[in-house]
């Protein structure tokens, strides 16, 4: 499903397996006659691959060190969040760096994909069940695809 995308070869074998897992889950669920209340499980592997993609992308752009890349402290949700308050913008906050290197559009698209397809899928909010249909899950997988596509285009054009 995604093997012809410009970002696919940028991934590690493990990340490609995660992408293929989401693809297979979509195919299975489209032919499956069972109904699930929530199809978040379709998005999870792709979102995990996206996290790895972003960390490697940040490393290759020299926005994070190898130590940060391999460590456990770095949080993409904080690093990419354009709404982090001025007093909390430290060496791990890289939204502006991506805006300068690529564009504001790319930085925003990377953040939006993270927010819509990872945070809102993975986390529990008492007033919002966060239940997603199969169609919504497919859209989220495609949103991640688009984000990785635009990021790699930026990287390859520099």
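Key figures
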quantity: Residue match in the range 12-27 (condition: in a loop (DSSP other than H, G, I, E, B) and out of contact with any strand residue (DSSP E or B) (no Cβ under 6 Å at 6 or more places or on another chain)); calculated: yes
quantity: Residue match in the range 18-26 (condition: in contact with a helix residue (DSSP H, G or I) (Cβ under 7 Å, 6 or more places away or on another chain), surrounded by 14 or more Cβ atoms within 10 Å (Cβ to Cβ), more than 26 Å from residue 133 (Cβ to Cβ) and free of Cβ contacts under 8 Å to residues at least 60 places away in the same chain); calculated: no
quantity: Output for the range 65-115, where each listed residue is touching a helix residue (DSSP H, G or I) at 6+ places or on another chain (Cβ under 7 Å), under 19 Å from residue 152 (Cβ atoms) and outside any helix (DSSP H, G or I); calculated: 80, 94, 102
quantity: Every residue from the range 74-98 that is within 22 Å of residue 146 (Cβ to Cβ) and surrounded by 16 or more Cβ atoms within 10 Å (Cβ to Cβ); calculated: 76, 79, 80, 81, 94, 95, 97, 98
quantity: Residue match in the range 99-109 (condition: surrounded by fewer than 18 Cβ atoms within 10 Å (Cβ to Cβ), at pLDDT 95 or above and within 17 Å of residue 119 (Cβ to Cβ)); calculated: yes
quantity: Close pairs (9 angstrom Cβ cut-off, 6 or more residues apart or separate chains): free of Cβ contacts under 8 Å to residues at least 40 places away in the same chain in the range 132-147, in a helix (DSSP H, G or I) and surrounded by fewer than 17 Cβ atoms within 10 Å (Cβ to Cβ) anywhere; calculated: 143/112
quantity: The range 116-134, residues that are in a helix (DSSP H, G or I) and over 18 Å from the mean Cα position of the chain (by Cα); calculated: 134
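The values are calculated or read from the model by the stated rules, or taken from the named source; none is laboratory data. All values reported here derive from a predicted model rather than from experimental measurement. Because the Cβ atoms are built from the backbone with ideal geometry, glycine has one as well, and the counts that use them run over all protein chains shown.
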